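Have a look at the structure below before the remarks.
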Amino acid sequence: MKAFRLDELEAERAANDGAYLQFVRERTMSVGLYALDAGELDPQQPHQQDEVYFVVSGRASITVGMETTQVGRGSVVYVPAGVAHKFHHITEDLRVMVVFSPPEG
């Protein structure tokens with residue numbers, strides 16, 4: 001079993017001075033914590049994997065393809081592989097759990 005605490009993951013991510021911390025990598029999936037602060041721009045490009053975002057905290061909008069919706073704590077968004085997507089209008093620091101299948105990279 002692998003078990004994680006969000007506060008410890010956030011501290012590790014911040015200590016490594018990056019927006020993304022991958023903390024699970026298995027044969028069929030990977031999981032990471034993605035962080036964007038209020039007002040920050042999301043530099044993402046489309047990925048070759050399907051993704052699921054689970055918003056842990058914060059508020060923003062996300063555009064996936066041609067569709068836009070607002071997200072906040074508890075929101076879940078599916079992004080198909082190869083589809084352009086970005087968080088924007090980030091009004092509260094955003095912390096998002098990201099599941100890639102197959103694993104990213």
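Worth a mention:
- Residue in the range 24-40 that is open to solvent by 70 Å² or more (accessible area, probe 1.4 Å), without any contact (Cβ under 8 Å) to a residue 60 or more places away in the chain and in contact with a Ser or Thr (Cβ under 8 Å, 6 or more places away or on another chain) present: no
- Residue within the range 45-67 that is among the polar types (S, T, N, Q) and at pLDDT below 95 present: yes
- One residue from 58, 82 being assigned to a loop (DSSP other than H, G, I, E, B) and at positive phi: 82
- Unique match (being closer than 24 Å to residue 105 by Cβ, under 13 Å from the mean Cα position of the chain (by Cα) and open to solvent by 60 Å² or more (accessible area, probe 1.4 Å)) among 87, 54: 54
- Residue match in the range 65-73 (condition: more than 30 Å from residue 1 (Cβ to Cβ), open to solvent by 40 Å² or more (accessible area, probe 1.4 Å), in a strand (DSSP E or B) and touching a residue at least 24 places away in the same chain (Cβ under 8 Å)): no
The values are calculated or read from the model by the stated rules, or taken from the named source; none is laboratory data. Since the structure is predicted, the reported quantities are computational estimates derived from the model, not experimental observations. Neighbour counts are summed over all protein chains in view; Cβ atoms, including those assigned to glycine, are modelled from backbone coordinates with ideal geometry. SASA here: full protein model, heavy atoms, side chains in, ligands and nucleic acids out. Shrake-Rupley method; radii C 1.70, N 1.55, O 1.52, S 1.80 Å.
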